[in-house]
1. I'm trying to understand the selection: among the residues of segment 117-145, which are part of a strand (DSSP E or B), of a type outside the set (S, T, N, Q) and either under 11 Å from the mean Cα position of the chain (by Cα) or farther than 15 Å from Thr90 by Cα (or both)?
2. Do you know which of the residues in segment 39-64 that are farther than 25 Å from Ala113 by Cβ and in contact (Cβ under 8 Å) with a residue 40 or more places away in the chain is surrounded by the fewest Cβ atoms within 10 Å (Cβ to Cβ)?
3. Restricting to segment 102-116, count the residues that are of a type in the set (Asp, Glu) and outside any strand (DSSP E or B).
4. Are there any pairs, at least 6 apart or on different chains, whose C-beta atoms fall under 7 Å, with the first in segment 140-153 and at pLDDT below 50 and the second in a loop (DSSP other than H, G, I, E, B) and open to solvent by less than 100 Å² (accessible area, probe 1.4 Å), and if so, which?
5. Looking at Lys67, Lys130, Lys75, which one is among the charged types (D, E, K, R), more than 15 Å from Val142 (Cβ to Cβ) and crowded, with 16+ Cβ neighbours inside 10 Å?
6. So Pro41 passes all but one of these: (1) at pLDDT 95 or above; (2) under 23 Å from Lys130 (Cβ atoms). Which condition number does it fail?
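The values are calculated or read from the model by the stated rules, or taken from the named source; none is laboratory data. All of these numbers come straight from a predicted model, not from anything done at the bench. Heads up, the Cβs are rebuilt from the backbone with ideal geometry, glycines too, and the neighbour counts pull from every protein chain shown. Heads up: the accessible areas ignore ligands, DNA and RNA and are worked out on the full protein's heavy atoms, side chains in. Shrake-Rupley method; radii C 1.70, N 1.55, O 1.52, S 1.80 Å.
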Amino acid sequence: RKFFSALTLILLISTVSFAQTSVSPNSKGSEAAPVVPVVNPNAGEFKWVEETHDFGTIPQGTPVKNKFEFTNTGKEPIIVSNVQKTCGCTVTEWTKEPVMPGQVGYVTAEFNAAKEGPFTKAITVQSDAKTPSVKLYFKGTVQKTEQAGGVPEQNTIFNTGGN
């Protein structure tokens, strides 16, 4: 019982000591101000034609592609550094060169659905724009397709059609 009480006391003391924040010697007892990232007021800005694309009903196993286009409405070029996808069923491509102010760039998403039913997927565009991370969405419904060209049914003693 004494051991359990001592163990609880040690855990309590260590938890409190880790919870304390350090104070800068120059702050004279007050808490340090939070660090706010500096935003370049001249940075490029995305103006997307659409941020969500609806493919509607698509056939299962047939890839579909959408090109998300944007215009740089900022004062400096936009460089898209990466586009993250949420699954292996999506292939992405994007403008690799800097998109100058007033110019148009793109991000393409190609989706190949193996599973039938509704879907919503996202890709995340990473860049040096004022908004450095933007999510774009695409959605739709995958309709199961019947396999054409299968093996023809053969007559056997079990399905001869009426005898």
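1. Selection gives Gly117, Pro118, Lys121, Ala122, Ile123, Val125, Val134, Lys135, Leu136, Tyr137, Phe138.
2. Per the stated criteria, the residue is Val39.
3. The number of residues fulfilling the criteria is 1.
4. none
5. That would be Lys130, the only listed residue that is among the charged types (D, E, K, R), more than 15 Å from Val142 (Cβ to Cβ) and crowded, with 16+ Cβ neighbours inside 10 Å.
6. (1)
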